[in-house]
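Read-outs: derived from the displayed coordinates by stated rules, not from any lab. Treat the numbers as computed from the prediction; the structure is a model and nothing was measured. Note that each Cβ is placed from the backbone with ideal geometry, even for glycine, and that neighbours are counted across all protein chains shown.
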Amino acid sequence: MYLLFIDESGHKDKAQNFTLGGIAVFEGLITPLRQGVDSLMREHFPAEPQQPFHASELYSLAADPNTPHFTRSHYRKLTNDLTQLILHHAAAYNAPGIVLFGQIIEKNLVVDPYLEAFEGIVARFNQFLITRHHAQDPQKGLVVVATSAQKRHASLRINYRNYRIQGTRLGNIHNLPLIPLFAEANATRLLQLADLVAYALQRYYEHKDAHYIDPLWSAFFQENGRFTGLYHRTAQYRTCTCPACLTRRR
Ligand SMILES: [Zn+2]
C-alpha cells in the first residue's frame, strides 16, 4: 500500500496561487522516514526534539534576531537535510518508494481552489497506482490529509464519494477504497514532509524562488517525460516554463 500525505500552502494569505503538495510513501518506508525526520529535528532542536517541522513558521523563526540558535543558514541546512532524506529514500527502493505530487491553482480561475486541487491530486495518485498495476505490482492507496483542512471535512467527504461513484474529471479512483483520513500535522512527521513539498512549490510558483523545489523535481511522478504528478492551472499555460506546463506542451 501507498499512503499519500497532503498539505496545503497559500490558502489564507493574499497569495495568487493555492498549492497542494503530496508525498506518496510505500508502507515499508513510513517508519524509516519518520525516524529520519525525528533525528534531524533532534539535531537542530536538541532542547525540543518533538518540535514539528512547519516550513513557513520555521522560516519566520529563522528571521527572528532573538533566536541566534536558529538562523537562516540553519533553516537552509534543515530543509536541505529533509530534502536529501526524501531523495535518499525515493532512490533506495526497487519500486518507487516515494513519489511526489503537486497541484498549483491560480485562485482567480476557479471557484474553489481546494476542491479542484484535491480532486486533481487524488486522481493523479490513482494514476500512479495504475502504473504499479501495469508493472505487476498491484497496490492500493490511502489519502491522509492534515487536520488544517478539517473545516472542509464534510465537503471533502461528499466530493470524494462522488469521485468514487461518478469518477473524477481524470477518471475513476478504484485504487483508493477508503475515504481520506484526517491527521494532526504536529503529530505526523509524514504530513510535515508534505508541508515541505507544498512550501517548496509555493516558493517557486508564487515567489519565483526555485531553491527548495529544484532538487525535488526528480521525485515527482512522471510518465514518458511528462510530469503527470504535477498540475499547474494558469492563464499562462501556453508560455509557462514550469516542468508541468513545459512537458505537457511537448
Ligand atoms: Zn506552469
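One table, with the values for the structure above:
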item: Candidate set: the stretch 209-243, residues that are in contact with a strand residue (DSSP E or B) (Cβ under 7 Å, 6 or more places away or on another chain) and free of Cβ contacts under 8 Å to residues at least 24 places away in the same chain; chosen: the one farthest from Val110 (Cα to Cα); result: Phe227
item: Failed condition for Phe182, given (1) more than 15 Å from Ala24 (Cα to Cα); (2) touching an Asp or Glu at 6+ places or on another chain (Cβ under 9 Å); (3) in a strand (DSSP E or B); result: (2)
item: Residue list for the stretch 1-48, restricted to those being in contact with a Phe, Trp or Tyr (Cβ under 6 Å, 6 or more places away or on another chain) and more than 16 Å from Leu191 (Cβ to Cβ); result: Gly10, Asn17, Phe26
item: Exclusive hit being in contact with a Pro (Cβ under 7 Å, 6 or more places away or on another chain) and on the phi < 0 side of the Ramachandran plot, set Thr67, Thr83, Thr19, Thr79; result: Thr83
item: Which numbered condition Leu201 fails, given (1) more than 13 Å from the ligand (Cβ to nearest atom); (2) under 25 Å from Phe53 (Cα atoms); (3) not basic (Lys, Arg); result: (1)
item: Residue, farthest from Pro180 (Cα to Cα), within the stretch 124-148, restricted to residues that are in a helix (DSSP H, G or I) and within 14 Å of the chain's Cα centre (by Cα); result: Arg124
item: Any hit, the stretch 219-237, residues being exposed (fewer than 14 other Cβ atoms within 10 Å of the Cβ), in a helix (DSSP H, G or I) and away from the ligand (no atom under 13 Å from the Cβ); result: no
